[in-house]
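Just below is one structure, and these are the notes that go with it.
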Amino acid sequence: MTEQPNALQDRAAAQPDFARHLGARLIHASAERVEMEMPVTPLLANRNGVLHGGAIMGLADNAGGTATFMNLPQGMTTTTLESKTNFLRPIRIGDTAHAVATPLHRGRTTQIWQTTITRDDGKTAAIVTQTQLVLEWKE
């Protein structure tokens, strides 16, 4: 990786509109770990009054994508190739989803990240494993 630390932090801070729409907020970003949090609001809930699985997956995908960006060579980008989610516990409205992404594999063409989603009480709500493809974006 040839980018300077400030450039990497700027890259991590430049979250997509979708992340902002979800209310996801970047807490920490480094090559080894990305942390985000997202308040659980009625707009993100399912009919049972808990965080929708799609919102959990969106938060985790954004954390894993940001983590990959922190490890990309200059001029390269990423896209999610595969994602698997294990839902373990609900997160209720008014709670906060906390995401921590850590690397399982950081290769030249793919990176694999595991994102653990916890509730405010520290209990694990979901574990997401995703594969990110490293590519040069061409129009």
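Things to note:
- Where strands (runs of 3 or more DSSP E) fall wholly inside segment 1-94, the ranges with 2 or more residues that are β-branched (Val, Ile, Thr) are 77-87.
- Here residue 82 meets the list (1) within 18 Å of the chain's Cα centre (by Cα); (2) more than 17 Å from residue 62 (Cα to Cα); (3) not hydroxyl-bearing (Ser, Thr, Tyr) almost entirely, failing just condition (2).
- Test result for residue 54, on the phi > 0 side of the Ramachandran plot and free of Cβ contacts under 8 Å to residues at least 24 places away in the same chain: no
- Test: residue in segment 75-93 that is within 23 Å of residue 6 (Cβ to Cβ), open to solvent by less than 50 Å² (accessible area, probe 1.4 Å) and out of contact with any Phe, Trp or Tyr (no Cβ under 8 Å at 6 or more places or on another chain): no
- Evaluated against (1) more than 18 Å from residue 32 (Cβ to Cβ); (2) surrounded by fewer than 20 Cβ atoms within 10 Å (Cβ to Cβ); (3) in contact with a strand residue (DSSP E or B) (Cβ under 8 Å, 6 or more places away or on another chain), residue 55 falls short on exactly one condition, (2).
- Which listed residue, of 31, 14, 45, 7, is over 12 Å from the mean Cα position of the chain (by Cα), of a type in the set (A, V, I, L, M, F, W, C) and open to solvent by 60 Å² or more (accessible area, probe 1.4 Å): 14
- Pairing each residue of segment 115-137 that is within 28 Å of residue 74 (Cα to Cα) with any residue that is of a type in the set (Asp, Glu) and open to solvent by 40 Å² or more (accessible area, probe 1.4 Å), provided the two are 6+ apart or on different chains, yields C-beta distances under 7 Å for 130/61; 130/82; 131/82.
The values are calculated or read from the model by the stated rules, or taken from the named source; none is laboratory data. Because the structure is a prediction, the values reported are computed rather than measured. So basically every Cβ, Gly included, is an ideal-geometry build from the backbone, and we count neighbours across all protein chains shown. Quick note on the areas: whole protein, heavy atoms, side chains included, nothing else; ligands and nucleic acids left out. Shrake-Rupley method; radii C 1.70, N 1.55, O 1.52, S 1.80 Å.
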